[in-house]
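Colleague: Below you will find the structure I want to go over with you.
Quick note: the coordinates plus some simple rules give every number you see, no bench work behind them. What you are looking at is a predicted structure, and each value in this text was computed from that prediction instead of being measured. When we count neighbours, we look across all protein chains shown, and the Cβ atoms used for this are built from the backbone with ideal geometry, even at glycine.
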Amino acid sequence: MQRWPLIIFTVLALCLSACAPDDPPPPPLPGTSASVDRGQRIADGLGACGFCHSMEGKPGAPLSGGRMMSDTFGDVAGPNITVSPAGIGTWSESDVRTLMRANKRPDDTYLYSWFHKGNEWMSDADLTALIAYLRSVPAVDTTVERREIGWIERNTTGFFTSAAEVKGYVPHISPRFRVQYGEYLTNSVAGCDRCHATPGGTFGSDEYLSGGAEITFDGETKVAPNITRSKSAGIGDWSEEDLKVYLLSGRTPSGKQVDTRFCPVEFYQRATPDEIDSVVAYLRSLPVIEEPQS
């Protein structure tokens, strides 16, 4: 009989909870200091989150969105990803994971997969750290209008652009395996293939890192270059040191300075020496393709 008070109390608590107003959840708590630091290194480094999610497109700028870009469907503004209700403040950690792994928002609508291409394979450890960092940055109450894509357009223009959901545990690759770690950083963290792949058309496949795609930011368009080891069309003549200098300064061997509105070298400058060395080792391990892209 002594259990009845506990049962009655539990029932009353459940009833009161069911009748409570549907207020948004409080802002999520930040992760551990080490996790947040690691997430910041990803976001402000090779991950370059602020390149699309800040007005300035620079490291350290508020991740409140608003920068204009263009994709297959036209113009779109980078969304607010701070913990403001205008951003992802009402999202759970699982919601953010689902966005990254399946490009799906909490309301079951889908994000165009090009923007996070490759990020679906970010390791669980790195994704956990990135989420911890995003949940620790100050909220900015900037509302960015979300683009709506109609059913017809999504199933015609966007028919071949969907990405499969990555399920299960994604292990981390040890930096000790330099080339493999560089491949992971290039494809799943930095997402270089997003801009530097040659579009393959409706039925063809993209040509990896061969350039040719038109990239638009803030109303201006440039063509992404070939970054394969082709000597005639890519960076085959660049030395290991040339690549490092470019990633850390944006300066080519000929002395040309890259337009940082289109290439996030200001973020790459914040990567660790091991990360830069690994990316360089991977790029220099790729097969040589001498045919220039048309």
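Colleague: Among all the lysines, which ones have a C-alpha under 20 Å from Lys256's C-alpha, if same-chain residues fewer than 8 places away are not counted?
Modeller: Lys222, Lys231, Lys244
Colleague: Right, something else. Cut-off is 10 Å between beta-carbons; in what order do Phe217, Phe267 appear when sorted fewest neighbours first? List each step's numbers first, then the result.
Modeller: On the way: Phe217 18, Phe267 23.
Least crowded to most crowded, the residues run Phe217, Phe267.
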